[in-house]
1. For segment 34-91: of the residues being under 18 Å from Glu109 (Cβ atoms) and among the acidic types (Asp, Glu), which is surrounded by the fewest Cβ atoms within 10 Å (Cβ to Cβ)?
2. Could you list all residues from segment 65-112 that are under 25 Å from Ala28 (Cα atoms) and acidic (Asp, Glu)?
3. Going by what's in this entry, would Thr191 be described as farther than 17 Å from Phe80 by Cβ, buried (at least 16 other Cβ atoms within 10 Å of the Cβ) and modelled with pLDDT of 65 or more?
4. Could you check, for segment 5-23, whether at least one of its residues is assigned to a helix (DSSP H, G or I) and either among the β-branched types (Val, Ile, Thr) or at pLDDT 85 or above (or both)?
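The values are calculated or read from the model by the stated rules, or taken from the named source; none is laboratory data. Worth saying up front: this structure is predicted, and the values here are computed from it rather than measured. Backbone-built Cβ (ideal geometry, glycine too); neighbour counts: all protein chains shown.
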Amino acid sequence: MSKKASLSSYIPSSLDGTTEVIEPLRSAEQNKLVDCEQTIRRGIKAFFEVGKALAIIKTERLYRCEYQTFDQYCEEKWDFSRIRAYQLINATACMEMLTNVNIPLPQNEAQVRPLLNIPENEIAETWRMFVEEKGERPFTARDVRDFVDRKLGKAVGPVASRSSGKVSQRNESLSMTFELSTLVKEIARKTDRYGSDDELRTLVVKLKDCVDRIQDRCLRQ
């Protein structure tokens, strides 16, 4: 059994562009996949549940019946990039560190994201300090980010400021590559739809591959 990769989510797997599908899911795994995907459909705003579901699918390779890689699964099934998938997974892991903190929790993934710049053993305490500082006042993701930046700056002085600057540049680069990836996928969809010539299709594939490599490099920094 094989699955023809569409241009908008092209992943090279063989010379003829096909993707081998191996290891069919057992009945229990298929049921687990259905449960996880229902959670994702229900939880567009409930990022915590979505991240947990994605982590299970990735760890147990529940995508393997139809897709060769987790990245391909995310792009073709849910139309978001690997960057977005890992953002949700990482934010969920961060939220799990706050479950024992008897204070209000972040309300969305954007409020959690700045905490990922903090060492794991300091995340719960950092969040407690932030909530105490804010008191009853409402807060935004930017408030969390500003607090984390101040904490990083106070922790190690000038060195931390440089480190914080690098983190900020990395996040900005990731954001730009995510936007670029979205634009490339839109170009690819239109190319597929209007049946452009093979040369243009090849250029779009190369452009998408270039964006993927840039994203990989940003993630490794």
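1. Asp79
2. Scanning segment 65-112 gives Glu66, Asp71, Glu75, Glu76.
3. Answer is yes for this residue.
4. Filtering segment 5-23 down to residues assigned to a helix (DSSP H, G or I) leaves 7-9.
If we keep only those that are either among the β-branched types (Val, Ile, Thr) or at pLDDT 85 or above (or both) too, we end up with none.
Among the residues of segment 5-23, not one is assigned to a helix (DSSP H, G or I) and either among the β-branched types (Val, Ile, Thr) or at pLDDT 85 or above (or both), which makes the answer no.
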